[in-house]
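The values are calculated or read from the model by the stated rules, or taken from the named source; none is laboratory data. Keep in mind that this is a model prediction, so the values were computed, not measured. In this analysis, Cβ positions are derived from the backbone assuming ideal geometry, glycine residues included, and neighbour counts consider all displayed protein chains. When the accessible area is computed, the model is the full protein with side chains, heavy atoms only, and any ligands, DNA or RNA have been set aside. Shrake-Rupley method; radii C 1.70, N 1.55, O 1.52, S 1.80 Å.
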Amino acid sequence: MSVQSRITSALADLDDFLAQGLPTENAIRSAAFANEVSELALHARASRDMPLEERRRLVISRANAAHQAAKLAAEEARLQNQKGYYRWLPSGKKIWIEPSQSKFDF
């Protein structure tokens, strides 16, 4: 595996560790060890585009958004398996949806 591909894998692992809530230095150390790159090289590459604290905030923000989207999708799927469910309209109104009413024949 080339050095560039190991650095790329280490950056992906770094983002995963940051999303899990590890402190920045621990995340760099773990990602560097797992991908057999030096901590200094990984630190330099990770902070090339943006400061590490900004990278940390961005990764955590993306992880929170993905988690929220997954929760909403799971709730929507759970509700659609019932005989009917409530749905919030963009106007703020709550309506009851019957699955038998949502099938159309054209």
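Round to a whole number: what % of the accessible area of the chain belongs to carbon and sulfur, probe 1.4 Å? Mind showing how you got there, number by number?
Details: 4410 of 7840 Å².
On the chain, the fraction of accessible area on carbon and sulfur atoms equals 56 percent.
In the assembled protein chains, Ser61 presents an accessible area of approximately 70 Å² (probe radius 1.4 Å).
Pairwise Cα distances in region 1-58 exceed 15 Å in 37 percent of cases. If you sort Ile60, Ile97 by accessible surface, 1.4 Å probe, largest first, the order is Ile60, Ile97.
Computed over protein heavy atoms with a 1.4 angstrom probe, the accessible surface ordering of Arg48, Arg78, largest first, is Arg48, Arg78.
Using Stokes-Einstein with the Kirkwood hydrodynamic radius over Cα pairs, what translational diffusion coefficient do you get for the chain at 37 °C and a viscosity of 0.692 mPa s, in µm²/s rounded to a whole number? Walk me through the intermediate numbers first.
On the way: Rh = 17.0 Å.
Value of D from the Cα-based Kirkwood radius: 194 µm²/s.
Helix-only arithmetic for the chain: the sum of -39500 (n - 2.57) across DSSP H runs with n ≥ 4, divided by the residue total, places the mean residue ellipticity at 222 nm at -22000 deg cm²/dmol.
Measuring nothing but how far apart in sequence close Cα pairs (under 8 Å, 6+ apart) lie, relative to its length, the chain scores a relative contact order of 19 percent.
Rolling a 1.4 Å probe over the heavy atoms of the protein chains gives the chain an accessible area of 74 Å² per residue.
So which chymotrypsin sites (Phe, Trp or Tyr not before Pro) in region 1-100 pass both tests, a DSSP loop state and at most 14 other Cβ atoms within 10 Å of the Cβ?
Nothing satisfies the criteria.
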